[in-house]
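K.L.:
One structure coming up, written as structure tokens, with questions to follow.
The values are calculated or read from the model by the stated rules, or taken from the named source; none is laboratory data. Please read all numbers here as calculations on a predicted model, not as lab measurements. Neighbour counts run over all protein chains shown; Cβ positions are idealised from the backbone, glycine included.
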Amino acid sequence: MLKVSEVLRIKGNALFTGSPDMPVAHAVRSMSELDIGSLVIMEHGELVGMLTFREIIRHLQANGGSVGTTTIRSIMDDAPISVTPNTSADEVQRLMLENHARYVPVMDGPTLMGVISFYDMAQAIVGAQKFENNMLKAYIRDWPTGQGAA
């Protein structure tokens, strides 16, 4: 069974964070330059929220297209769902779908291990299915055909 730890291993360990008091304009610039869809918001070494383009777009829509001097703290999701490295891929998919979450922090106790995106999950699952498919094809190709095989 595919676990989050394997998805993180495949994905790599790049992690992008911000602080709650960072201006939204700075976060937007960073997210755009880094071509990422989320920032994990940390304060005093602890996860305090997530900022995704969803929160930014909602803020822009409510404020006539301007971020102004708003800080991340006022628009971030301050209660994001999270998973552990031992969470199964099936459970992550279920949580993402139920909560409309495109990005999920991976926590090992109080330690942030990474972020899993919907794209990361899709890529890992397709890879696992390809591997399984190749193994099944190899097994079938090597199927015994002698008199003893029934």
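K.L.:
Only residues that are part of a helix (DSSP H, G or I) and touching a residue at least 40 places away in the same chain (Cβ under 8 Å): list them for region 22-61, please. Full working, then the answer.
P.N.:
Restricting attention to region 22-61, the residues satisfying the condition of being part of a helix (DSSP H, G or I) are 24-34, 53-61.
Correct list: Val24, Ala25, Ala27, Arg54.
K.L.:
Give the residues of region 64-110 that are surrounded by 13 or more Cβ atoms within 10 Å (Cβ to Cβ), assigned to a helix (DSSP H, G or I) and polar (S, T, N, Q), sorted by residue number.
P.N.:
Result: Gln93, single match.
K.L.:
Which residues, taken from region 1-56, are among the basic types (Lys, Arg) and closer than 21 Å to Asp77 by Cα? Full working, then the answer.
P.N.:
From region 1-56, those among the basic types (Lys, Arg) are 3, 9, 11, 29, 54; that's our starting set.
Selection gives Arg29, Arg54.
K.L.:
Tally the residues that are at pLDDT 85 or above, outside any helix (DSSP H, G or I) and either at negative phi or over 22 Å from the mean Cα position of the chain (by Cα) (or both), restricting the search to region 111-150.
P.N.:
6
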